[in-house]
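To start, the structure under review is shown below, and the notes come after it.
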Amino acid sequence: MKSAVENLNPTRVRLTVEVPFEELKPSLDAAYKKINQQVTVPGFRKGKIPARVIDQRFGRGAVLEEAVNDALPKFYTEAVNEGDLNPLGQPDVDITELKDGELLAFTAEVDIRPTIEIPDYSGIEVTVDAVEVSDEDVEKSVEQLRERFASTSPVERAAAEGDVVTVDLEAKVGGEVLADGVAKGVNYTIGSGELLDGIDEAVKGLEAGGSATFTSELKGGSAAGQEAEVTVQVTAVQTRELPELDDEFAQMASEFDTLEELKADSRKRLERMKKYDQATQAQEKVLDELLKLVEVPMPEKLLADEINTRKHNLEHHQLGQMGLDLDKYLEIQGKTAEEFDAELKEQAEKGIKTQFILDELVSKEKLSVGQEELTEHLMRRAASSGMSPDQFAKAVVEGGQVPMLVGEVARGKALAAVVEAATVKDTNGEVVDLDEDDDETAETVAPAEAEAAAEEKSEA
C-alpha cells in the first residue's frame, strides 16, 4: 500500500491511497465466505459454493463491493498511522479507481487536530475577589438556619406578610384553562417570591376560603412567558414562629453547645465557600488569559458538529423538560435567533479551543492520570449525575467512556499547572495561595468548558 498526505488547510487533509490487488485477498476471501453463508445454489451445500459459481450467479461486482467495504477501514487506518495524523471524526471517502486484479485507489478527507504552539504562560496575572466574611454574612447564614427550624400553626385571621398560606391555583390564557395550569394544595410563604409575580398582593388580607384573581407572566409550563389570568383560593392560613436565637437553638440546630460556637462555625464554612469560589474564579480567569495567548485553527466540520450537538441538547433535553421550545426560550431571554446562534458558536469555539490547548499541555508536560485520581473524579461525576458510584462506573465502562474521563482529569491537571504558574491576586492586592484548594478545585473548569468537545461525538 502507498499513501500520500495533502494539507488542504491547517485542520483538514486529503489522504490518497493506492492498494495493490493482492493486498485485498484477505477481504476477498472474507467476502466469498460471507456470501456463501447468505445464499443457496442448487447442487451445492450451503457454505461450499465455489468462488467462480458465486461470480457467475451473483456477479463479481457484489463480491468486490463487499471486499472493499471490509478493507477500507484497515487501509485508511494504516494511511493515518503512516502520516502520523490525529483525525477528528469520520473521513469522507471516495473510491477513485477499482481495477479487478490490479488496483484499488481511494481518497479520504478528514479533519485533523491542529498543531499548537504553547507559549510561555508564566506571566499570566489575574485578579479575583478577596475572601472576606462580614458579620452581616454570618448573621444571614444563621438566620437562614433559623428559618429552617421555623414552626407553623393555623390561625383564623387574614393572611399577612410572612404567613404560610395553602392555596389552589388556576391559570387561564385567552379565557381557556391551561392543561398544566391547575395546582392544588400549594404551600407558599407570603413575601418569599417563590411563586408568581402578583400573588403576594392577591393573598394578603384573605382568610381561609377567600379567593382573588390577578394577572401574571407564567414562568414555566406550556404557556411560559405569556400573560395569564390566575385565580388563587386560600384554603388555610398559618403563622410562622421562629425559634429564639440562643444557646438552646444552637443545641437543637447543630452539634454546638452555644450560639457563639455556631456563629464561629458558620464563619469558617463561609470562608471555605468563598475560598472555593475564589479558586474557581482564578481558574476561569487564568483559562481566559491562556486562550488569548494561543492561536488555534478551528476545524470547520468539528465546530459545526459541536454547535449542532449543543443546540440539540438544549432543545430536546433542557428546554423539553421545561415544556419550552426554542422560539419561546428566545422570547423569554429577549434574544434574536441571530444573537443566540452567535453565542452558541462562541461557546462551542471556546470549548473546542480549550480542549485542544489543555490536551497539548498534557502532552507537553507529560501529565498522567493515576487510578486514585480517576476514582475521585468518577465519584464527583457520579454525585453530580445523581447516580451511585457503582451505577455511574458501570455506565461509563459499558459506554466506552473511560478514556473520556481520563481526558477530563488530565485536562484538569493541565489547567491546575497553568494556574500554579500564574500570579493570582485578590482585590486587596494580596497574592492568593491556591495550593490548599487544589484538590477540590483542580477539575472544576476544564471539564465543564470542554465537555461537549471532548466527547467527539459519542456525546463527546
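The values are calculated or read from the model by the stated rules, or taken from the named source; none is laboratory data. None of the values given here were measured: they were computed from a predicted structure. Here the Cβ is made from the backbone with ideal geometry for all residues, glycine too, and neighbour counts use every protein chain on show.
Odds and ends about this structure:
- Yes/no for LYS311 being of a type in the set (D, E, K, R), surrounded by 15 or more Cβ atoms within 10 Å (Cβ to Cβ), farther than 30 Å from VAL13 by Cβ and touching a residue at least 24 places away in the same chain (Cβ under 8 Å): no
- Of the residues ALA212, ALA158, the single one that is at pLDDT 95 or above and touching a Gly at 6+ places or on another chain (Cβ under 6 Å) is ALA158.
- Taking first residues from the stretch 47-71 that are without any contact (Cβ under 8 Å) to a residue 24 or more places away in the chain and partners that are aromatic (Phe, Trp, Tyr) and not in a helix (DSSP H, G or I), the Cβ contacts under 9 Å between residues at least 6 apart in sequence or on separate chains come to PRO50/PHE44; VAL53/PHE44.
- The residue pairs whose first member lies in the stretch 118-137 and is under 29 Å from VAL362 (Cβ atoms), whose second member is among the small types (Gly, Ala, Ser) and not in a strand (DSSP E or B), and whose beta carbons are closer than 6 Å, counting only pairs six or more residues apart or on different chains, are SER122/ALA421; ILE124/ALA422; VAL128/ALA282.
- Test: residue in the stretch 38-59 that is touching a strand residue (DSSP E or B) at 6+ places or on another chain (Cβ under 8 Å) and assigned by TED's automatic domain parsing to the domain that holds ALA108: no
- Residue match in the stretch 73-83 (condition: over 30 Å from PHE356 (Cβ atoms), loosely packed, with under 12 Cβ neighbours inside 10 Å and under 42 Å from the mean Cα position of the chain (by Cα)): no
- Matching residues in the stretch 212-242 - criterion: being of a type outside the set (Ser, Thr, Tyr), over 14 Å from LEU195 (Cα atoms) and surrounded by fewer than 14 Cβ atoms within 10 Å (Cβ to Cβ): GLU227, GLU241, LEU242
- Of the candidates LEU28, LEU88, the single residue that is part of a helix (DSSP H, G or I) and surrounded by 14 or more Cβ atoms within 10 Å (Cβ to Cβ) is LEU28.
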